[in-house]
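A.B. asks: One structure, as structure tokens, below. Some questions next.
The values are calculated or read from the model by the stated rules, or taken from the named source; none is laboratory data. On a predicted model such as this, the values are computed, not experimentally measured, just so you know. Cβ coordinates were reconstructed from backbone atoms using ideal geometry, including for glycine residues, and neighbour counts include every protein chain displayed. Note: accessible area is taken over every heavy atom of the protein model, side chains too, but ligands, DNA and RNA are not part of it. Shrake-Rupley method; radii C 1.70, N 1.55, O 1.52, S 1.80 Å.
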Amino acid sequence: VQLQASGGGLVQPGGSLRLSCAASGSFFSIEVMGWYRQAPGKQRELVAHITSGAITTYVDSTKGRFTISRDNAKNTVYLQMNRLKPEDTAVYYCNVISTSGGRYWGQGTLVTVSS
């Protein structure tokens, strides 16, 4: 299974970015798709995830600013990030869990929020 993430970059505070992550390869159906992030010197944390039934979960710090969505036909998950703050700066990793329980990680994409 390969996960290809894209969409990171440099943005000013208050700006927006949209991350995408496409899964490819041989796997069972995907149950959960999500995004984690890891800031320098900090542990990796869950940002948001979405189940096959479109149930979403967000870390408190992103509620109301970030929106996760998925396109099941394309095995792709998206993270729309609005009103970005400097504390959102991190490497963002996509993650999927298949219906067979397999867990896979993308390579990470850097998001930098700075003026």
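A.B. asks: Condition test on THR76, is it under 20 Å from LEU10 (Cα atoms) and buried (at least 16 other Cβ atoms within 10 Å of the Cβ)? First the steps, then the outcome.
C.D. replies: On the way: under 20 Å from LEU10 (Cα atoms): no; buried (at least 16 other Cβ atoms within 10 Å of the Cβ): yes.
No; evaluated as a whole, the condition is false for this residue.
A.B. asks: Can you name the condition, by its number, that ARG70 falls short on among (1) open to solvent by less than 50 Å² (accessible area, probe 1.4 Å); (2) at positive phi?
C.D. replies: The one condition ARG70 does not meet is (2).
Table: residues versus (1) open to solvent by 60 Å² or more (accessible area, probe 1.4 Å); (2) assigned to a loop (DSSP other than H, G, I, E, B); (3) aromatic (Phe, Trp, Tyr); (4) at pLDDT below 95.
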{"position": "LEU10", "(1), (2), (3), (4)": "yes, no, no, no"}
{"position": "GLY14", "(1), (2), (3), (4)": "no, yes, no, no"}
{"position": "ARG18", "(1), (2), (3), (4)": "yes, no, no, no"}
{"position": "SER26", "(1), (2), (3), (4)": "yes, yes, no, yes"}
{"position": "GLY34", "(1), (2), (3), (4)": "no, no, no, no"}
{"position": "PRO40", "(1), (2), (3), (4)": "yes, yes, no, yes"}
{"position": "GLN43", "(1), (2), (3), (4)": "yes, yes, no, no"}
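A.B. asks: Give the residue that is modelled with the lowest pLDDT, with candidates limited to residues of region 45-77 that are more than 18 Å from ALA90 (Cβ to Cβ) and basic (Lys, Arg).
C.D. replies: LYS74
A.B. asks: Restricting attention to region 57-106, which residues are more than 18 Å from GLN38 (Cα to Cα), more than 14 Å from the chain's Cα centre (by Cα) and of a type in the set (A, V, I, L, M)?
C.D. replies: Hit for region 57-106 is ALA73, nothing else.
A.B. asks: Do the conditions hold for ALA54, that is, is it out of contact with any His (no Cβ under 9 Å at 6 or more places or on another chain), loosely packed, with under 14 Cβ neighbours inside 10 Å and over 14 Å from LEU17 (Cα atoms)?
C.D. replies: Values: out of contact with any His (no Cβ under 9 Å at 6 or more places or on another chain): yes; loosely packed, with under 14 Cβ neighbours inside 10 Å: yes; over 14 Å from LEU17 (Cα atoms): yes.
In short, yes.
A.B. asks: Sticking with this structure for a sec: Do you know which of the residues in region 94-115 that are under 27 Å from LEU10 (Cβ atoms), open to solvent by 40 Å² or more (accessible area, probe 1.4 Å) and not in a strand (DSSP E or B) is modelled with the lowest pLDDT?
C.D. replies: Ranking the candidates gives GLN107 first.
A.B. asks: Same structure, new question: Six or more apart or on different chains, Cβ under 8 Å: which pairs go from a residue in region 52-78 that's more than 19 Å from ALA5 (Cβ to Cβ) to one that's at pLDDT 95 or above and open to solvent by 70 Å² or more (accessible area, probe 1.4 Å)? Could you list them?
C.D. replies: Here the result reads SER61/GLU87; ARG65/ARG83, each pair linking region 52-78 to a residue that is at pLDDT 95 or above and open to solvent by 70 Å² or more (accessible area, probe 1.4 Å).
A.B. asks: For residues that are open to solvent by less than 40 Å² (accessible area, probe 1.4 Å) and either out of contact with any Gly (no Cβ under 6 Å at 6 or more places or on another chain) or free of Cβ contacts under 8 Å to residues at least 12 places away in the same chain (or both), tally how many sit in region 79-93.
C.D. replies: Final tally of qualifying residues: 6.
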